[in-house]
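S.K.: Can you keep this structure in mind? I'll have questions shortly.
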Amino acid sequence: MNFTHLPDQDNRHDAPRTEDPAAASGRSGAPGWVRWMFLALIVSANMINYVDREIIALLKPLLETRFHWSDMDYGHVVSAFQLSAVVAYMGAGWFIDRVGLRFGYPIAVAAWSAVAMAHSAARSVIAFVGLRSLLGATEAAQTPAAVKTIAHWFSTRERALALGFMNTGSNLGPIVTPLIVPPIVIAFGWRAAFLITGGLGFVWLIAWFAAYAARPSDPRERSPRNPAPALIPKAPGVRWTHLLASRRVWAVAGAKLLTDPVWWFLLFWLPDFMHRRYGLNLRTFGVPLAAIYVLASVGALGGGVLPARMLARGSSLNAARKTTLLICAIAVTALPLVFRVDSYWYAVLIIGLALAAHQGFSTNVFALAADMFPDDSVGTVVGIGALFGNLGGLAILEFTGWQVSRSGGYWPIFAYCAVAYLAALALIHVLVPRIVTVHDQAAS
């Protein structure tokens, strides 16, 4: 399908038309086991993705000692990941839309897994900066690939729940990493930790191709008008000028720009914060960090369940999405209370609540992309959103390195986190006063 115009809400009569309702609403007619099989693969890929990302945060004290890093050095190492991801996101969604899920997704997983394992050979700060840059570039395809898979296999009513499960992978990684990495490091050294965790991606490749072999044939792939796809099928006709002119695209991108920095800040700097404030270290912060991300995973699922139930009870898509976003935004405002508690377990509860709210918010921002855009452009739109989210992440990681080196204080960053989600919701409401699905747009 070629779509040549993505109008704003006040021009819905020109909205893009899909080839058929099934394509617009996801593969809801597919057997349930097929949809959940692919969802399980998405969750596991997201988990592996975040294991590869977070391991550097856990090893920060050890690597600082070995390589004589300063806080600014560490800030450059983690922001190198963000910078390369920003650049890669400009083409990651396009790559997935062009190559397709069957081969594009595993190519990305294989590439980032090889880079993750290569960290074991690093001998200097410069080497880590280079490898983190490569990791950010290769991992950029995960989000658009995962959301595109969900848009393909799940109906509109199911997508928020499926995206909630997808986001649990973002939490499973940070849950698993502090539990498995310290024992590996203690037993075998830090280089073995990179080799073992990086190798998980190659196990995933086997499962992915087995799943594709087991799935029922897809009529859109093998009909006379749509023969079996080649390794690199014809690119869909997504016109970037029309995408970038759409307020709906900027609603997704703006929300990610404002709120993703919170996730990146806590992912890469939370172990250091817990070490500085509560004296936790590689041997002791595993369970508290895992507990925080267990709470976050509850938020990811809740962010999918709540709008699904509201829709089932007759709420409009607009009300279901925005009510959920508002609840999440309010919950994050409690985050600065972490400076008023002395027990790190109270801090775990406060930060866990904030990350749960973040994941619920993020689930519904991703759902907006799947709701409002045709199936063959979802990857591109999510890629644009992820690009802006990583721009925000890059800024906050560099700022945190500078702030901590200058004063050792985390207060300004936590204060920003507390208000980011309310600002993002306000932006979404201004740009998209009424959320409707792409199929409803076409019917208007």
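S.K.: Before we move on, is residue 397 surrounded by 21 or more Cβ atoms within 10 Å (Cβ to Cβ) and of a type in the set (A, V, I, L, M)?
M.R.: Here the answer is yes, as residue 397 does meet what is asked.
S.K.: Please count how many residues of the stretch 349-380 are over 16 Å from residue 160 (Cβ atoms) and buried (at least 24 other Cβ atoms within 10 Å of the Cβ).
M.R.: 7
S.K.: Right, next: For the stretch 400-431, name all the residues that are modelled with pLDDT under 95 and hydrophobic (A, V, I, L, M, F, W, C).
M.R.: 402, 404, 411 - these are the residues of the stretch 400-431 that are modelled with pLDDT under 95 and hydrophobic (A, V, I, L, M, F, W, C).
S.K.: Within the stretch 117-134, is there a residue that is surrounded by fewer than 24 Cβ atoms within 10 Å (Cβ to Cβ), part of a helix (DSSP H, G or I), in contact (Cβ under 8 Å) with a residue 24 or more places away in the chain and under 18 Å from the mean Cα position of the chain (by Cα)?
M.R.: Yes, there is a match, as at least one residue in the stretch 117-134 is surrounded by fewer than 24 Cβ atoms within 10 Å (Cβ to Cβ), part of a helix (DSSP H, G or I), in contact (Cβ under 8 Å) with a residue 24 or more places away in the chain and under 18 Å from the mean Cα position of the chain (by Cα).
S.K.: Further question on the same structure: Within the stretch 38-55, track down each residue that is surrounded by fewer than 22 Cβ atoms within 10 Å (Cβ to Cβ) and either closer than 19 Å to residue 127 by Cβ or free of Cβ contacts under 8 Å to residues at least 24 places away in the same chain (or both).
M.R.: Residue satisfying the conditions is 40 alone.
Every residue, every condition in (1) of a type in the set (Val, Ile, Thr); (2) buried (at least 19 other Cβ atoms within 10 Å of the Cβ); (3) modelled with pLDDT under 90; (4) in contact with a Leu (Cβ under 6 Å, 6 or more places away or on another chain), yes or no:
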| site | (1), (2), (3), (4) |
| --- | --- |
| 57 | no, yes, no, no |
| 62 | no, no, yes, no |
| 89 | no, yes, yes, yes |
| 92 | no, yes, yes, no |
| 97 | no, yes, yes, no |
| 104 | no, yes, no, no |
| 107 | yes, no, no, no |
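S.K.: Tell me which residues, restricted to the stretch 148-180, are within 25 Å of residue 99 (Cβ to Cβ), in a helix (DSSP H, G or I) and not aliphatic (A, V, I, L, M).
M.R.: Those that are within 25 Å of residue 99 (Cβ to Cβ), in a helix (DSSP H, G or I) and not aliphatic (A, V, I, L, M): 148, 149, 152, 153, 159, 165, 167, 169, 170, 173.
S.K.: Within the stretch 53-77, track down each residue that is assigned to a helix (DSSP H, G or I) and more than 22 Å from the chain's Cα centre (by Cα).
M.R.: 60, 61, 62, 63, 64, 65, 66, 67, 71, 72, 73, 74
S.K.: Assess whether residue 420 counts as being buried (at least 17 other Cβ atoms within 10 Å of the Cβ) and either of a type outside the set (Lys, Arg) or touching a strand residue (DSSP E or B) at 6+ places or on another chain (Cβ under 8 Å) (or both).
M.R.: For residue 420, the condition - buried (at least 17 other Cβ atoms within 10 Å of the Cβ) and either of a type outside the set (Lys, Arg) or touching a strand residue (DSSP E or B) at 6+ places or on another chain (Cβ under 8 Å) (or both) - is met.
S.K.: Now for a different question. Can you name the condition, by its number, that residue 74 falls short on among (1) within 29 Å of residue 380 (Cβ to Cβ); (2) among the aromatic types (Phe, Trp, Tyr); (3) buried (at least 22 other Cβ atoms within 10 Å of the Cβ)?
M.R.: (1)
S.K.: Among the residues of the stretch 296-331, write down those that are buried (at least 23 other Cβ atoms within 10 Å of the Cβ) and under 30 Å from residue 60 (Cα atoms).
M.R.: Those that are buried (at least 23 other Cβ atoms within 10 Å of the Cβ) and under 30 Å from residue 60 (Cα atoms): 296, 297, 299, 300.
S.K.: Any chance the stretch 259-281 includes a residue that's without any contact (Cβ under 8 Å) to a residue 12 or more places away in the chain and either surrounded by fewer than 18 Cβ atoms within 10 Å (Cβ to Cβ) or on the phi > 0 side of the Ramachandran plot (or both)?
M.R.: So far as the stretch 259-281 goes, yes, one or more of its residues are without any contact (Cβ under 8 Å) to a residue 12 or more places away in the chain and either surrounded by fewer than 18 Cβ atoms within 10 Å (Cβ to Cβ) or on the phi > 0 side of the Ramachandran plot (or both).
S.K.: Would you pick out the residues in the stretch 256-281 that are at pLDDT 95 or above and of a type in the set (S, T, N, Q)?
M.R.: 259 - this is the single residue of the stretch 256-281 that is at pLDDT 95 or above and of a type in the set (S, T, N, Q).
S.K.: Considering only residues of the stretch 154-167 that are farther than 19 Å from residue 47 by Cβ and among the hydrophobic types (A, V, I, L, M, F, W, C), which is modelled with the highest pLDDT?
M.R.: Looking at the filtered set, the residue picked out is 154.
S.K.: Restricting to the stretch 307-346, count the residues that are assigned to a loop (DSSP other than H, G, I, E, B) and not hydroxyl-bearing (Ser, Thr, Tyr).
M.R.: 5
S.K.: Let me ask something else about it. Just to be sure I understand, how many residues within the stretch 181-190 are without any contact (Cβ under 8 Å) to a residue 24 or more places away in the chain, β-branched (Val, Ile, Thr) and surrounded by fewer than 16 Cβ atoms within 10 Å (Cβ to Cβ)?
M.R.: Count: 0.
S.K.: Are any residues in the stretch 154-174 among the hydrophobic types (A, V, I, L, M, F, W, C) and crowded, with 24+ Cβ neighbours inside 10 Å, and if so, which ones?
M.R.: Once the filter is applied, which keeps residues that are among the hydrophobic types (A, V, I, L, M, F, W, C) and crowded, with 24+ Cβ neighbours inside 10 Å, the stretch 154-174 yields 154, 160, 162, 163, 166.
S.K.: Could you list, in sequence order, all residues of the stretch 342-372 that are at pLDDT 95 or above and among the β-branched types (Val, Ile, Thr)?
M.R.: Within the stretch 342-372, 348, 350, 351 meet the criteria.
S.K.: Looking for whichever is over 20 Å from the mean Cα position of the chain (by Cα) and hydrophobic (A, V, I, L, M, F, W, C) here; the options are 378, 332, 338. Which one fits?
M.R.: 338
S.K.: Name the pairs whose Cβ atoms lie under 8 Å apart, with the first residue in the stretch 191-212 and more than 14 Å from residue 52 (Cα to Cα) and at pLDDT 95 or above, the second among the acidic types (Asp, Glu) and not in a helix (DSSP H, G or I), and 6 or more positions between them or separate chains?
M.R.: Here the result reads none, with nothing in the stretch 191-212 linked to a residue that is among the acidic types (Asp, Glu) and not in a helix (DSSP H, G or I).
The values are calculated or read from the model by the stated rules, or taken from the named source; none is laboratory data. Only a predicted model underlies this, so the values are computations on that prediction, with no experimental measurement involved. Note that each Cβ is placed from the backbone with ideal geometry, even for glycine, and that neighbours are counted across all protein chains shown.
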